[in-house]
2 protein chains.
Amino acid sequence: MKQGADLQSLVGYRVQRANLLMETDARAALADHDLSPAKMTALILIRDNPGCDQTALGRALSINRSSAMKLVNILADKGLVERRPGRDLRTNALMLLPEGARQLDAMLAAVRQSDARMTQRLGAEELKTLLALLARLGLSPTLEDDED
Amino acid sequence: MKQGADLQSLVGYRVQRANLLMETDARAALADHDLSPAKMTALILIRDNPGCDQTALGRALSINRSSAMKLVNILADKGLVERRPGRDLRTNALMLLPEGARQLDAMLAAVRQSDARMTQRLGAEELKTLLALLARLGLSPTLEDDED
DNA sequence: TATTGTTATACTCTATAACTATA
DNA sequence: TATAGTTATAGAGTATAACAATA
């Protein structure tokens, strides 16, 4: 199947293909844990931002409140995450439970292995370059938040 | 929202974020045409591989026969693509219709503009480097097909 | 008025399994 | 037996719109 210049010259197409490759392997690496890469990301965010609310979690994942709700439901049903009373009576404070921390450690090990495998053909310097270039995609200088 | 070392050090996570950024902008650029970036990709593949069958198209897009079927239905319903008798009595030969070619040209212009905007902070040399590094992600030397 | 969580609903994309016709 | 297309069905992931409680 020919993939001519129109496709190959689009950076977005190349990034999409690379993402599919990486995500598929990461998903397979997580198969034992019955969680997608995105759900693992959510666990990391909750662990590193204990007490955050669902809306903030959604923003960090680029999904809306309603979708974040469903995601937290799944993580809570599995006993990985807990909704505690938040700063408001409106707001939940999300906390990673011990079982969540235990499973997250195992998942991270598996995903790091996948990540290393998929990047094995790049040297340390090349990897740094790749990450730096990816970080410069997009419109603005992307002033990152570091608080919620 | 803190995004600590566990996330930032995963190449897969960085690629996923970059992809979301690029894809969202490309999707917005295509809003007038009522087609997703993936469907535009399908049109390009059909144009550049006239007479290809649905299964081959699916393989190129990394989706299965059944999903390729649905995709072609949508493109055919819109009058962009046609199913002609193929090399077998089992097989379709997919062809881009004139209206498909016309719309594809307009879509390509819009997506190229989006792509240029999202990569504006990278120089020509940096872009080449990015594409080269992305192409080396994955396990094997990725011997690309160029026939179907 | 604005925000958080919630619910109901729907849409997109993809997959599996089974069937038909053909090879 | 194997392959191409097709159909029915289901699941994941996301979104919108509305509502209640709270701010």
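Just one of the numbered conditions (1) touching a residue at least 40 places away in the same chain (Cβ under 8 Å); (2) open to solvent by less than 30 Å² (accessible area, probe 1.4 Å); (3) in contact with a strand residue (DSSP E or B) (Cβ under 8 Å, 6 or more places away or on another chain) is not true of A:PRO37: (3).
Go through the residues of segment B:135-145 one by one and say whether even a single one is within 16 Å of DNA strand D (Cβ to nearest atom), at the interface with chain A (Cβ under 10 Å from one of its Cβ atoms) and under 18 Å from the mean Cα position of the chain (by Cα). Taking every residue of segment B:135-145 in turn, at least one turns out to be within 16 Å of DNA strand D (Cβ to nearest atom), at the interface with chain A (Cβ under 10 Å from one of its Cβ atoms) and under 18 Å from the mean Cα position of the chain (by Cα).
Scanning segment A:4-59 for residues that are within 30 Å of B:ALA132 (Cβ to Cβ), assigned to a loop (DSSP other than H, G, I, E, B) and facing chain B (nearest Cβ under 7 Å) gives A:GLY4, A:LEU10. Candidates are the residues of segment A:60-79 that are in a loop (DSSP other than H, G, I, E, B) and not aliphatic (A, V, I, L, M); the one that is farthest from DNA strand D (Cβ to nearest atom) is A:GLY79. Across segment A:59-77, the number of residues qualifying as within 8 Å of DNA strand C (Cβ to nearest atom) and buried (at least 20 other Cβ atoms within 10 Å of the Cβ) comes to 2. No other residue among B:LEU137, B:LEU89 is part of a loop (DSSP other than H, G, I, E, B) and farther than 30 Å from A:MET22 by Cα apart from B:LEU89. B:ARG47: touching a strand residue (DSSP E or B) at 6+ places or on another chain (Cβ under 6 Å), surrounded by 13 or more Cβ atoms within 10 Å (Cβ to Cβ) and under 26 Å from A:LEU21 (Cα atoms), yes or no? Answer is yes for this residue. So for segment A:100-107 (the condition being within 14 Å of another protein chain (Cβ to nearest Cβ), open to solvent by less than 40 Å² (accessible area, probe 1.4 Å) and within 20 Å of A:THR24 (Cβ to Cβ)), does at least one residue qualify? Yes, there is a match, as at least one residue in segment A:100-107 is within 14 Å of another protein chain (Cβ to nearest Cβ), open to solvent by less than 40 Å² (accessible area, probe 1.4 Å) and within 20 Å of A:THR24 (Cβ to Cβ).
The values are calculated or read from the model by the stated rules, or taken from the named source; none is laboratory data. Just so you know, these numbers come straight off a predicted model, no measurement behind them. FYI the Cβ positions are ideal-geometry reconstructions off the backbone, even for glycines, and counts take in every protein chain you see. Accessible surface is based on the protein model in full, side chains and every heavy atom, while ligands, DNA and RNA are left aside. Shrake-Rupley method; radii C 1.70, N 1.55, O 1.52, S 1.80 Å.
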